[in-house]
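Below is one structure, written out as structure tokens; comments come after it.
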Amino acid sequence: MGAGRPEHRKLAQQAHYSATTLADAAKGDRLPSLDVTLAYVAACGGDRAEWESRWRTVAAESLPPRPVSPGEPEERAPYVGLAAFQPETADRFFGRERFVDEAVTRLRSQHFLAVVGTSGSGKSSLLRAGLIPELRADGTSRPVLLTPGARPLHECAIRLAPLLGVNAGTLMADLAADPANLGLAVRQALVHHEDDLPPRTEVVFVVDQFEEVFTVCDDDRERDQFIGALLTATRQGGSRTRVVLGVRADFYARCAEHPGLVGAFQDAELLVGPMTSDELTKAINQPAADSGLVVERALTTAILADVAGQPGCLPLVSHALLETWRRRRGNALTLSGYLATGGVRGAVAQTADNAYKAFNDDQQHAARRILLRLVALGDDTDDSRRRVRVDEFDADPDTTAVLGELVRARLLTLGENTVEIAHEALIRNWPTLRGWIDEAGNCCSRSDA
């Protein structure tokens, strides 16, 4: 490496990797992980950016992803990538059984539960692919899943109206008129359908990405109405409503600004921390095994090492595994395939860079506009993704092509006429997008000066 080669034992003290690991990296027999490469370079006084670029070039060329044949659709992949697991992908969701059991147990004895964790800790997946299937399986719970968006009370009305058999607009007006009407509407609906439901059936509102009431909803009145309706429904006498909120930890202070939430959070928090090694090993190996695949032991060991002490890595792990699956050899997911993806830290950037570089100039400009539109800049919090209606974008061919390709690459996800970044991990881990965001933020700062 142009920076010199001190003895590996001395180098290990600076790089925080074993001398054996560094010696293996220096041999050149196989591509070392990006983390090992950069640690080696830093210890040698080399240029990290230059060597990261070299590493990515070699990794991408060493084992490109296999093309997906018409008879082998992407839906068969054992991993979901950046996006959260959904109820329909619960059969691939492993490693969080302990937290799911805890959430179910807590909900049996309390009407309100706040699931709190850092971005990338797996809160959404736990709620969608863990908790909701369990609630449906017990037969006495009717989960109603929603994300607040710009109009949280309106979204609540849309999700609940089919259960009540009423018009969403009418229900919205009732909820806005009196926060007590949400719990009342739930009880009336359950009584109306009691012949078709088990005794004491309850409605469980599962509000994922609750922080959107602060990042996306600009209407203070509707925000307060939404929160008030949820909390009141859980506190009414004879309540048949339970509420679960999924909240990003960096928005905890914003929640504490609302007096009702302060009281509700008392003794009602479930903190989602990192997976243990055993849990992560199960999340890596079990989906592959269920699909008739095997995971090299060296691959599992490498992932465990790469994420050790790194919070919020689960979406990155899932994306790296999806890209590794695309580079599998026969029925085996291999360490070499994983290294070719860029690893946990590099796979997202590599996928995004490849998609972006494939666009022509006009499409690259469109990609920048689209992605910046899908980011909500943080105010004393990390930047967040923003859900936008598809019809709010131009219908020109470049925009359509870019949206389609970014969805195909699983960097964006489509909802009911909406599109959003698959996970905030893309915002944090793709340097190109991070640069655009910083540039846009600087422009805003100059215009405000």
For the chain, give the magnitude of the charge dipole about the Cα centre (Cβ charges: +1 Lys/Arg, -1 Asp/Glu; no others), in debye to the nearest 20. 1240 debye
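Count the DSSP beta bridges whose two residues both fall in region 96-271, then state the antiparallel fraction as a percent rounded to the nearest 5.
0 percent
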I'd like the GluC sites (Glu not before Pro) in region 207-314 restricted to DSSP loop residues with at most 11 other Cβ atoms within 10 Å, sorted by number. Glu257
Principal semi-axes in Å for region 358-448 [√(5λ), Cα gyration tensor, largest first]: 21, 15, 13
Residue-ordered couplings for region 414-427, obtained by feeding phi - 60° into the Karplus form 6.51 cos²θ - 1.76 cosθ + 1.60 and rounding to whole Hz (Gly and Pro as x), are 9, x, 7, 6, 10, 9, 8, 5, 4, 6, 4, 4, 5, 5
Among Leu184, Leu113, Leu171, what is the fewest-to-most ranking by other Cβ atoms within 10 Å? Leu184, Leu171, Leu113
Mean-position separation - Cα centroids, region 359-438 and region 149-178, in angstrom: 29 Å
Can you list residues whose amide H is under 5 Å from Gly246's amide H, if they're 5+ apart or on another chain and H is modeled 1.01 Å from N? Val115, Val207, Asp208, Gln209, Phe210
If you place +1 on the Cβ of every Lys and Arg and -1 on the Cβ of every Asp and Glu, how big does the dipole about the Cα centre of region 358-448 come out, in debye to the nearest 20? 260 debye
Rank Gly117, Trp436, Gly45 by how far each Cα sits towards the positive end of the charge dipole of the chain (+1 on Lys, Arg Cβ; -1 on Asp, Glu Cβ) and give me just the farthest. Gly45
Antiparallel bridges, percent of DSSP beta bridges restricted to the chain (to nearest 5): 25 percent
Give the aspartates and glutamates reachable from Lys10 as a straight Cα distance under 17 Å; neighbours fewer than 8 places away on the same chain don't count. Asp24
Could you list which residues have their amide H under 5 Å from that of Val204, counting only those 5 or more apart in sequence or on another chain, with H placed in the peptide plane? Arg142, Val144, Arg242
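No lab work stands behind these numbers, since they all come straight from the coordinates. Here the structure is a predicted model, which means the values were calculated and not measured. Cβ atoms come from the backbone with ideal geometry, glycine included; neighbour counts cover every protein chain shown.
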